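To start, the structure itself, in structure tokens.
The values are calculated or read from the model by the stated rules, or taken from the named source; none is laboratory data. Because the structure is predicted, anything quoted here is derived from the model rather than measured. Using ideal geometry, Cβ is built from the backbone for each residue, glycine included, and neighbour counts are taken over all protein chains shown.
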Amino acid sequence: MRTVKIVTTCICFALLLMNTQCDEDNTIDSPCDQIAIIDNAFYQSAESDEFSVVDVVINDNCLSIDISASGCDGNTWSMVLVDSGDIAESSPPQRFLKLVFTNDEDCLAVIGQERSFDLSPLQTNDENEVILHIEGFTESITYTYN
């Protein structure tokens, strides 16, 4: 009887251990850090802390934005790329976005950071490109896709 208890306990522990391990095969690697979101209410109400755009590059479906701002190390910075949901019906169509940047760091150093955003949700059905107007950026960006 005691042997049955020991075997049952060992089996329970083994099953519990197997249940707590991560299943890394189910993750999908994305070349972008985040996904651009479409939310008009958020777009209308969002406010950003001060930052400067250093560079903007589109590579495939990723928009990479390099910014600088005051801070300690940038580890607590939050960035979201939000689309208004409005599409100007022109050829090509146009979308309106803003980078929502939150910085709670109280250091005086100026540091930089790059983030990338998946633009796939911004694609339109009938076109293979869209003009992006990002609030605070001086130039429009053409996003071309298949």
Contacts under 6 angstrom Cβ, first residue in region 105-120 being at negative phi and surrounded by 11 or more Cβ atoms within 10 Å (Cβ to Cβ), partner of a type in the set (Phe, Trp, Tyr) and part of a helix (DSSP H, G or I), 6 or more apart: none
Checked pairs for region 76-100, first within 14 Å of Ala41 (Cα to Cα), second part of a loop (DSSP other than H, G, I, E, B) and among the hydroxyl-bearing types (Ser, Thr, Tyr), C-beta under 7 Å and 6 or more apart or across chains, list as Val100/Ser48
Per the filter on region 108-146, residues touching a helix residue (DSSP H, G or I) at 6+ places or on another chain (Cβ under 8 Å) and either more than 18 Å from Asp86 (Cα to Cα) or among the β-branched types (Val, Ile, Thr) (or both) are Val130, Tyr145
Sole exception among (1) modelled with pLDDT of 95 or more; (2) in contact with a strand residue (DSSP E or B) (Cβ under 6 Å, 6 or more places away or on another chain) for Ser45, by number: (2)
Test Val57 against the criterion of being without any contact (Cβ under 8 Å) to a residue 24 or more places away in the chain and among the hydrophobic types (A, V, I, L, M, F, W, C), and give yes or no. yes
Exactly one of these conditions fails for Ser52: (1) crowded, with 16+ Cβ neighbours inside 10 Å; (2) modelled with pLDDT under 95; (3) within 23 Å of Leu108 (Cα to Cα). Give me its number. (1)
Name the single residue, out of those in region 89-110 being outside any loop (DSSP other than H, G, I, E, B) and not β-branched (Val, Ile, Thr), that is farthest from Ser48 (Cα to Cα). Gln94
With respect to Ala46, determine if the residue is in contact with a Lys or Arg (Cβ under 7 Å, 6 or more places away or on another chain) and among the small types (Gly, Ala, Ser). yes
Can you pull out every residue in region 123-139 that is surrounded by 11 or more Cβ atoms within 10 Å (Cβ to Cβ) and within 23 Å of Val54 (Cα to Cα)? Val130, Ile131, Leu132, His133, Ile134, Glu135, Gly136, Phe137
Taking Gln113 and the conditions (1) in contact with a Ser or Thr (Cβ under 9 Å, 6 or more places away or on another chain); (2) part of a loop (DSSP other than H, G, I, E, B), which numbered condition does it fall short on, given that it satisfies the others? (2)
What about Ser78, is it out of contact with any helix residue (DSSP H, G or I) (no Cβ under 6 Å at 6 or more places or on another chain) and more than 21 Å from Gln113 (Cβ to Cβ)? no
